[in-house]
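Asker: Supplied in C-alpha cells, the structure appears directly below.
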Amino acid sequence: MKNTILFSFLVGLSLVSCKESKKEELDSSKEIKQYSIKQMMDNESVFGGSFSSDNSKLLVTSNKSGIYNMYTVSTKDGTYTPITKSDSSSVYATSYFPKDDRMLFRMDDNGDEIYHIYKRDLDGTITELTPGKGVRSSFYGWSKDEKSFFYASNKRDSKYMDIYEMDLETFTSKMIYENKEGYDVSAISNNKKLFALNKTVNTNDSDLFLYDVTTKETVKINGTLSGNSAEDFSSDDKFFYYTTDANGEFTTLMKYDIQTKESTEVLKKDWDISGSYFTNKGKYRVTYINEDAKNVIEVQDVATGKNIELPSVDGKSITSVGFSRDESMMRFYAGGSNSPSNLYVYDLKTKDQKQLTDVLNDEINGDDLVSAKVIRYPSFDGVTIPAIYYLPHQASAKNKVPALVWVHGGPGGQSRQNFSSRIQYLVNHGYAVLAVNNRGSSGYGKTFYKMDDKNHGEKDLQDCVEGKNWLAKQAEIDPEKIGILGGSYGGYMTMAALTYTPEEFAVGVNIYGVTNWMRTLKSIPPWWESFREALYKELGDPHSADSIRLKRISPLFHTDKVTKPLMVLQGAKDPRVLQVESDEIVAGVKKNGVPVEYVLFEDEGHGFAKKENQIEANSRILKFLDQYLKKKEPIEKSAL
C-alpha cells in the first residue's frame, strides 16, 4: 500500500512540477503585509465558558481590556458584557453558580501564583472566600447536590494542599481531607465517599489510590510503576475512570469496578489519552487525545456507546468543549496554528451552531498568517525528533530568511499546533520558526519522555542543535542566520546553547529561563512539595552529590563561554524562576563584552499576561533579532 501511494504521489508530482515551479515564483514575489506588534497583540485571547443557569450566557475570561478580566457572552448573539474591570492583577473566571447567576473567580497578585477564590453576588458585591496571606487556593468543582463546592488550600501547612468543602448557604468551609503525606486529591466521587489520590513517584510515574471516607480504607489501583492519572467517577459511582501507560508507550483509558476491584480497558489510541470526564448528568463522556501535538476530541453518548458527530468549522480544529448543566448545549473553541480559537455554541438537539466571538484583529488578513506543519528529523544518535515548522510566505530559495529554534517550557512540556501571536509576529516579519519537541517532551510515549532524565543541557541540547542543522539544509533558510529562543525551561536551553555550544547559534533570547539549577531546585514554591522529590529524580538533588552535575549544567557558572548576542526577559513576581536568575546571567555575560539586552517587568510573573507588556516584550525581541540576526551588523563594544 505504501509503495502504491508513493508511486501515485511521484506521478502526480511530475505532472504538476512545472506548474508548481511557476507558482513558487509567484508566491515568492507575493506581497505580504507586515503587521505591527500592536496589531498582532490586538488579537483577543478568550477561554473558558461556564453556562448560566438558563443557558442564555457564558462566563468567560478575556483580555479585551488589555488584561484578563471576566465577561459574560450572550449565547444568542455574542454580546459581551464586562463583569470585572481590573487594570492590575488578572481576573480568571471559574464558574456560574449551579442554580443562579452568582459567579466564582480567582485572582493572584500580578503573577505570584498565590490564587484566592472570590464570589460575585447578583448585585455586584465581591467577597473573598479564601483569605490569608500566602494561602493558595484552587477550585475543585461543585458537589453533585449543588449545595457546596470543593477547593484545595494550603492554609494549614504551606507545603500541602488539603481539601475543603464550602457550604453555599453560609459560606463556611470544613476540611474533608487532611493531606499529611504529600498526596494529590485528583477526583471526588459524586456521593463524596471516595477520593482519588495520586502519589507522585517521578515526573512520569505515580501511584493511584482510592480512599474511602467512611471506612478510612485506602486501596491502591495500579499494580506496577506507571504513569497514572485520575479522570472521573461514573454518575452512579460504581466505576472509577483513570488513564495509565502501564500497558504500553501511551496512556489508555481504564475503568475500575469499585465493588470487584477489577480494571478493564475502555479506550486505547496510538497517542496519549490526555483527559476524560462525564458531563453533569452523565449523558456524555468527553475524551481528549493528544494526537501529534494537537487536540482530538471524542464525545460519546454513554447510553449508545457511540461517539456523536461534532460540528465542522471551515476545516478548523475543535480545541476544547464544555456542556451546559442540563446537557442540552455545548460550547466549543475552534482554531488552528494560523487562526486564534473562536468561541461557538452548539444546540445538541437542533444541531444549530453560532459563532460568538471573532478574536482575530480586523486589521489582519488571515491569509498573511502561516499554517504550521509537523516535521521530523533524526538527532545525533538516530532518535527521531518531532517539531512544528512555520515558514514565512515570502521565503524561497531566492529569498532566504533567517530562522529560530523555539524551545518549549517544562522540562516535559510540548510545543503544540496552537495559535501564537508571538510566533506569527516573528514569522510575519520574515523569520522561520522551528518549535522543537526535543527528547523529554510529553506526548510521544513514556520512553521518549524519560530520555532526558538527568541529561538536561546535554542530549536534549543536541536535539536542538540538530534542529538548527535541519533548518540550515532547507533551501529557504539562510544557514548563517539561525538563533534560538524559549521561555522557562526553553530559556534554560537558550542559555545552555549559548554556553555549551557557543558557535552553533547566532543569537539567543532567554525568556525567564533557569540559569542556576541548584538555586531553582532549592527554591521550589512550597505548594509544589508533593512534586519536589519527582523533580529531584529527573533533574538531580541539589542537596546531594548531584549538585556537582547541576553546577556543571548551570549556565550561570560558565558565562565566560558566551560569545553571541543575548536578550533576557523576566517578570519580577515570578515564583518559579526567580528574578535573581536573570539578573546574574545578564551581569555575567556582560563581562565578556557581548551585547546583552535585559527587559524586566515589575508587574509580571512566570509568563507575561498584560497586553502592554506583551507588546513591549515582543517588539523588543524583534528589534533585537533584526539588529543582531537579520542584519548581522558589526558588534561594537562601545555600543554595549
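Asker: Among the residues of the stretch 540-563, write down those that are under 29 Å from GLU597 (Cα atoms), crowded, with 17+ Cβ neighbours inside 10 Å and in contact with an Asp or Glu (Cβ under 8 Å, 6 or more places away or on another chain).
Answerer: ILE553, LEU556
Asker: Only one of (1) touching a strand residue (DSSP E or B) at 6+ places or on another chain (Cβ under 9 Å); (2) in a loop (DSSP other than H, G, I, E, B) is not met by GLY66, so which one is it?
Answerer: Answer for GLY66: the failing condition is (1).
Asker: Among the residues of the stretch 293-318, count how many are under 27 Å from the mean Cα position of the chain (by Cα), at positive phi and surrounded by fewer than 17 Cβ atoms within 10 Å (Cβ to Cβ).
Answerer: Counting residues in the stretch 293-318 that are under 27 Å from the mean Cα position of the chain (by Cα), at positive phi and surrounded by fewer than 17 Cβ atoms within 10 Å (Cβ to Cβ) gives 2.
Asker: Then there's this: Select from the stretch 250-279 the residues that are more than 23 Å from the chain's Cα centre (by Cα), assigned to a loop (DSSP other than H, G, I, E, B) and of a type in the set (Ser, Thr, Tyr) and list them in ascending order.
Answerer: THR260, THR279
Asker: Could you look through the stretch 222-261, keep only residues that are among the basic types (Lys, Arg) and on the phi < 0 side of the Ramachandran plot, and pick out the one that is surrounded by the fewest Cβ atoms within 10 Å (Cβ to Cβ)? Can you show your working first?
Answerer: Step one: filter the stretch 222-261 for residues among the basic types (Lys, Arg), giving 238, 255, 261.
Checking which are on the phi < 0 side of the Ramachandran plot leaves us with 238, 255.
Numbers: LYS238: 12, LYS255: 17.
Among those residues, the one meeting the criterion is LYS238.
Asker: Let me ask something additional. Test GLY322 against the stated conditions and say whether it is within 30 Å of PHE448 (Cβ to Cβ), outside the structural domain of LYS238 (by TED's automatic domain parsing), in contact with a Lys or Arg (Cβ under 9 Å, 6 or more places away or on another chain) and surrounded by 16 or more Cβ atoms within 10 Å (Cβ to Cβ).
Answerer: Working: within 30 Å of PHE448 (Cβ to Cβ): no; outside the structural domain of LYS238 (by TED's automatic domain parsing): yes; in contact with a Lys or Arg (Cβ under 9 Å, 6 or more places away or on another chain): yes; surrounded by 16 or more Cβ atoms within 10 Å (Cβ to Cβ): yes.
Here the answer is no, as GLY322 does not meet what is asked.
Asker: Tell me, which strands (runs of 3 or more DSSP E) wholly within the stretch 141-203 include 2 or more residues that are small (Gly, Ala, Ser)?
Answerer: Here the list reads 148-157, 184-188.
Asker: Here is a list: THR304, THR287, THR243. Which entry is farther than 30 Å from SER52 by Cβ, without any contact (Cβ under 8 Å) to a residue 40 or more places away in the chain and of a type in the set (Val, Ile, Thr)?
Answerer: On the way: THR304 fails: farther than 30 Å from SER52 by Cβ; THR287 fails: farther than 30 Å from SER52 by Cβ.
Being farther than 30 Å from SER52 by Cβ, without any contact (Cβ under 8 Å) to a residue 40 or more places away in the chain and of a type in the set (Val, Ile, Thr) holds for just one of THR304, THR287, THR243, which is THR243.
Asker: Looking at ASN516, ASN510, which is the one that is buried (at least 21 other Cβ atoms within 10 Å of the Cβ), touching a strand residue (DSSP E or B) at 6+ places or on another chain (Cβ under 9 Å) and within 16 Å of ASP574 (Cα to Cα)?
Answerer: On the way: ASN516 fails: touching a strand residue (DSSP E or B) at 6+ places or on another chain (Cβ under 9 Å).
Every option except ASN510 fails the conditions.
Asker: Can you name the residue in the stretch 613-640 that is of a type in the set (Asp, Glu) and either touching a helix residue (DSSP H, G or I) at 6+ places or on another chain (Cβ under 8 Å) or at pLDDT 95 or above (or both) and is also nearest to ILE482 (Cα to Cα) among such residues? Quick ask: steps written out before the conclusion?
Answerer: Of the stretch 613-640, the ones of a type in the set (Asp, Glu) are 616, 626, 633, 636.
Still in the list and also either touching a helix residue (DSSP H, G or I) at 6+ places or on another chain (Cβ under 8 Å) or at pLDDT 95 or above (or both): 616, 626, 633.
Values: GLU616: 23, ASP626: 12, GLU633: 15 Å.
So the residue we want is ASP626.
Asker: Given the options PRO525, PRO595, name the one that is modelled with pLDDT of 95 or more, out of contact with any His (no Cβ under 7 Å at 6 or more places or on another chain) and assigned by TED's automatic domain parsing to the domain that holds ASN510. First the steps, then the outcome.
Answerer: Working: PRO525 fails: modelled with pLDDT of 95 or more.
On inspection, the qualifying residue turns out to be PRO595.
Asker: Of everything in the stretch 367-406 that's in a strand (DSSP E or B) and in contact with a Lys or Arg (Cβ under 6 Å, 6 or more places away or on another chain), which residue is surrounded by the fewest Cβ atoms within 10 Å (Cβ to Cβ)? Reasoning before the result, please.
Answerer: The first filter runs over the stretch 367-406 and keeps only residues in a strand (DSSP E or B), leaving 373-378, 384-390, 401-406.
Those still in the list that are in contact with a Lys or Arg (Cβ under 6 Å, 6 or more places away or on another chain) too: 384, 386, 389, 402, 405.
Values: THR384: 11, PRO386: 20, TYR389: 19, PRO402: 26, VAL405: 31.
Residue satisfying both the conditions and the ranking: THR384.
Asker: Taking the stretch 331-368 only, how many residues are among the aliphatic types (A, V, I, L, M) and under 13 Å from LYS76 (Cα atoms)? Write out each step before concluding.
Answerer: Start the filter on the stretch 331-368 by keeping residues that are among the aliphatic types (A, V, I, L, M), which leaves 334, 343, 345, 348, 356, 359-360, 364.
When the remaining residues are screened for being under 13 Å from LYS76 (Cα atoms), the result is 343, 345, 356.
Final tally of qualifying residues: 3.
Asker: Still on this structure: Taking only the stretch 466-508 into account, find how many residues are among the hydrophobic types (A, V, I, L, M, F, W, C), out of contact with any Phe, Trp or Tyr (no Cβ under 7 Å at 6 or more places or on another chain) and under 20 Å from VAL401 (Cβ atoms).
Answerer: Taking the stretch 466-508 as the starting set, the residues that turn out to be among the hydrophobic types (A, V, I, L, M, F, W, C) are 470-472, 475, 477, 482, 484-485, 493, 495-498, 505-507.
Imposing the further condition that a residue be out of contact with any Phe, Trp or Tyr (no Cβ under 7 Å at 6 or more places or on another chain) reduces the set to 471-472, 475, 477, 493, 495-496, 505-506.
Add one more test, that the residue is under 20 Å from VAL401 (Cβ atoms), and what stays is 471-472, 475, 477, 505-506.
So the answer is 6.
Asker: Residues being part of a loop (DSSP other than H, G, I, E, B) and in contact (Cβ under 8 Å) with a residue 24 or more places away in the chain: count how many of those fall in the stretch 538-557.
Answerer: Filtering the stretch 538-557 down to residues part of a loop (DSSP other than H, G, I, E, B) leaves 540-545, 553-554.
If we keep only those that are in contact (Cβ under 8 Å) with a residue 24 or more places away in the chain too, we end up with 540, 542, 553-554.
Going through the stretch 538-557 one residue at a time, the tally reaches 4.
Asker: In the stretch 156-178, what count of residues is obtained for those that are closer than 18 Å to GLY141 by Cα and surrounded by 15 or more Cβ atoms within 10 Å (Cβ to Cβ)?
Answerer: The qualifying residues number 10.
Asker: For the stretch 418-442, how many residues meet the condition of being basic (Lys, Arg) and either closer than 13 Å to LEU369 by Cα or within 14 Å of the chain's Cα centre (by Cα) (or both)? Break it down stepwise before answering.
Answerer: Here is the first cut: in the stretch 418-442, the residues basic (Lys, Arg) are 422, 439.
Within this subset, residues satisfying the condition of being either closer than 13 Å to LEU369 by Cα or within 14 Å of the chain's Cα centre (by Cα) (or both) are 422.
The qualifying residues number 1.
Asker: Now for a separate question. Can you tell me which residue in the stretch 78-107 is surrounded by the most Cβ atoms within 10 Å (Cβ to Cβ), limited to those that are modelled with pLDDT of 95 or more and acidic (Asp, Glu)?
Answerer: Once the filter is applied, the top-ranked residue is ASP101.
Asker: Starting from residues that are under 19 Å from PHE150 (Cβ atoms) and in contact with a helix residue (DSSP H, G or I) (Cβ under 9 Å, 6 or more places away or on another chain), keep the ones in the stretch 183-221 and report whichever is surrounded by the fewest Cβ atoms within 10 Å (Cβ to Cβ).
Answerer: ASP184
Asker: Any chance you could count how many residues in the stretch 179-210 are more than 28 Å from the chain's Cα centre (by Cα) and closer than 18 Å to SER234 by Cβ?
Answerer: Residues meeting the conditions: 6.
Asker: I'd like to check something: does the stretch 509-526 contain any residue that is more than 24 Å from the chain's Cα centre (by Cα), touching a residue at least 12 places away in the same chain (Cβ under 8 Å) and closer than 25 Å to PHE624 by Cβ?
Answerer: Looking through the stretch 509-526, none of the residues is more than 24 Å from the chain's Cα centre (by Cα), touching a residue at least 12 places away in the same chain (Cβ under 8 Å) and closer than 25 Å to PHE624 by Cβ.
Asker: When you scan the stretch 339-359, do you find a residue that is out of contact with any Ser or Thr (no Cβ under 8 Å at 6 or more places or on another chain), in contact (Cβ under 8 Å) with a residue 60 or more places away in the chain, among the acidic types (Asp, Glu) and surrounded by fewer than 18 Cβ atoms within 10 Å (Cβ to Cβ), even just one? Before the answer, list the steps.
Answerer: As a first pass, look at the stretch 339-359 and keep what is out of contact with any Ser or Thr (no Cβ under 8 Å at 6 or more places or on another chain): 339, 344, 346, 350-353, 355, 357-358.
So of that shortlist, the ones also in contact (Cβ under 8 Å) with a residue 60 or more places away in the chain come out as 339, 355, 357.
The next check asks that each one be among the acidic types (Asp, Glu); those that pass are none.
Checked against the condition, which is being out of contact with any Ser or Thr (no Cβ under 8 Å at 6 or more places or on another chain), in contact (Cβ under 8 Å) with a residue 60 or more places away in the chain, among the acidic types (Asp, Glu) and surrounded by fewer than 18 Cβ atoms within 10 Å (Cβ to Cβ), the stretch 339-359 yields no hits at all.
The values are calculated or read from the model by the stated rules, or taken from the named source; none is laboratory data. Because the structure is a prediction, the values reported are computed rather than measured. FYI the Cβ positions are ideal-geometry reconstructions off the backbone, even for glycines, and counts take in every protein chain you see.
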